[in-house]
1. Which numbered condition in (1) in contact (Cβ under 8 Å) with a residue 24 or more places away in the chain; (2) not assigned by TED's automatic domain parsing to the domain that holds Ser367 is the only one that Lys340 fails?
2. What residue, of Ser69, Ser34, is within 13 Å of the ligand (Cβ to nearest atom) and of a type outside the set (Val, Ile, Thr)?
3. Please name all residue pairs, on different chains or six or more residues apart, with Cβ atoms under 6 Å, provided the first residue is in the range 350-367 and is surrounded by 20 or more Cβ atoms within 10 Å (Cβ to Cβ) and the second residue is hydroxyl-bearing (Ser, Thr, Tyr).
4. Of the residues Asp297, Asp347, only one is over 17 Å from Asn206 (Cβ atoms) and of a type in the set (Asp, Glu); which?
5. Can you tell me which residue is surrounded by the fewest Cβ atoms within 10 Å (Cβ to Cβ) among those in the range 469-501 that are more than 10 Å from Leu459 (Cβ to Cβ) and charged (D, E, K, R)?
6. Could you tell me which residue of the range 191-223 is nearest to the ligand (Cβ to nearest atom), considering only residues that are of a type in the set (A, V, I, L, M, F, W, C) and either under 18 Å from the mean Cα position of the chain (by Cα) or modelled with pLDDT under 95 (or both)?
7. With respect to the numbered conditions (1) of a type in the set (Gly, Ala, Ser); (2) touching a Cys at 6+ places or on another chain (Cβ under 6 Å); (3) closer than 13 Å to Ile503 by Cβ, which one is the sole condition not fulfilled by Ala462?
8. Out of the residues in the range 144-167 that are surrounded by fewer than 24 Cβ atoms within 10 Å (Cβ to Cβ) and within 13 Å of the ligand (Cβ to nearest atom), which is farthest from Leu59 (Cα to Cα)?
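The values are calculated or read from the model by the stated rules, or taken from the named source; none is laboratory data. All values reported here derive from a predicted model rather than from experimental measurement. Cβ coordinates were reconstructed from backbone atoms using ideal geometry, including for glycine residues, and neighbour counts include every protein chain displayed.
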Amino acid sequence: MENDLFQRRSKLATAGVAESVEQEQEAKVLVLYSGGTIGMRTNQSGVYEPESNFMIPELKKLPIFHDKSYAEKQLMEEEKDLLVMPLMRSGRRVKYHIKEYNPLLDSSNMTMSDWSKIANDISTYYDEYDGFVVLHGTDTMAYTASALSFMCENLGKPIILTGSQIPIFEVRSDGRDNFLSALVVAGQFCIPEVLVVFGNKVLRGNRTIKNDSGSFDAFISPNIASIAELETDITVDWSLVFRSGTTEKFRIHSEMCTNVGLLRLFPGISVQLVRSFLQPPMQGVVLQSYGAGNAPDNRPEILKVIEGAINLGVIIVNITQCTRGFVDATYATGKALYDKGVIPGGDMTAEAALTKLSYVLSKDDWSIKQKTKMMKRNLRGEVRSIHIEDISLLDFELIDCVAKALSISTKEETLKLRDALYPNLMCAAAKSNDTEALERLRSTGGNLSAGNQDGRTALHVAAREGHLAVVQYLLHHGATIHTKDQHDHTPLNDAIISKDHQIITLLVRTGAHLTMHPIRIAMELCSAAARDEVSTLQAWRAAGADLNVSDYDKRTPLHVAVSTKKLNSVRYLLENGARWDTEDIFENTAEMQAKKTGCEEILKLIEQKSREEKAGTSNS
Ligand code: ASN
């Protein structure tokens, strides 16, 4: 393995750009630096304070955060502001851009408008990056993570929040490991969730709480296991990963309702306090009750105030004050609340319940009834909707049989077997156009987005085979469209190869987009033009390719089509916006080449386009 890596590295060191683009798997991550201890310095009064314009130049000096020699040799002019991590063992390299906020904030100073700013930035740059890291203070990180999970609708890429307890440039700091881990996870695993990476754990953001103000292991997700553990290997528990199951595109909902609050019961709480808390403009309240959701049922005056507020349209959600556990109507004291219309909040954290309320209440086009319904629903994996413990992954019949045949008995081995078998079975089912088999695999716990040994998922295979019904089925069940196989191909690339326009269109409508380097796209288009394969050009265009992309010599597909005299391609390219007057590095335009090659018909087409354009501009 190490040997392999060494060979790969030395090859790369002697290779030009073309080879590195060809050989390395690459991921681009956008880092939104909002503030927090991670980038703070001690000020004159001896306390930590955020410092602007300090983090990026300092990081560039650390080889583990920035491979200077690679950056100098390999980055294109327009990539010069990127930082580049050294090549990882997996053969992937993470390039990242840090967008520093102004001002940088201690997270205790953050408000809901700061959440909107982060969500807006993610939306603006969503298509350009494979994943996002938000550097954030730890104090309110669980709130921001929960809020972003709701604000980011139909999320298909990882958004990872991290920070530290000690600033990153101090001698002892957890910041370096946390930041590096966040970059690695964002660049390597297509987990379509808002996550918190902290202290070697990857946690679902809206399940997370800050549990310790001093520990490097500050965060826990008390009611579900970690999504991944960062040990010598990074093991993602894909069965836990939440999938939205929609074919709609990613979008954000950035306007949150601010008229929400947290009310924590305590023995002897006064009715006046409860009444004034529930006064307008309050629209939603998270009630933190005792144990399994109990409140005093011997205080009719309090229950009456609660009932009155609900009748006036205030939504009240009941969660427990305990760190772990579930709210249900086991006790009469809890039932008293539900009888008045309080919504049981299951095992939601206070942060998740509050931000969910804020999100749901801000949906102006939903009625109160609909908002209440949505509060009860599991929207982003923030609440347990079924008793997951009841289903044992080890119960699956097929896995059991194979495990027995191989004399496998431990839980770890059986889970490994499941992870090895299922993705291949799903790819096989996708290849044979068998949605029923896929459904059987899914209903026994199979993860439809899991990749096989080559990183290929059932969606890659279905797209390549042109099986529209399977693609539809997979998208409806939340299969991710952004996973790259080991050749950096997404399912969209497979659909282009099969030239299946319906699948291309469906994937694009769901939010798929081209992620390849523009030069690689140009090379594909130029070679299609040279072979006069108009259908290939059409497929690339449907997938969103710009027909004016250019290769290393700045030659466009039109340059190639003209110089190889491919009339059909020239016609198609011209009809679809290709320019005949852009120069390659030898200062040749496609028009000049048409004159040189002496192909009358091609020259005529270009001159006609040029005349039409002149007439169009003089008319307007
Ligand atoms: N007060 C800091 C913050 O939340 C705490 C930290 O980041 N460790 O910004």
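1. Of (1) in contact (Cβ under 8 Å) with a residue 24 or more places away in the chain; (2) not assigned by TED's automatic domain parsing to the domain that holds Ser367, only one is false for Lys340: (2).
2. The unique qualifying residue is Ser34.
3. So the pair list comes out as Glu351/Tyr143; Glu351/Ser146; Ala352/Ser146; Thr355/Ser146.
4. Only one candidate qualifies: Asp297.
5. Lys499
6. Here the answer is Phe198.
7. Of the numbered conditions (1) of a type in the set (Gly, Ala, Ser); (2) touching a Cys at 6+ places or on another chain (Cβ under 6 Å); (3) closer than 13 Å to Ile503 by Cβ, the odd one out for Ala462 is (2).
8. The extreme case among them is Gln165.
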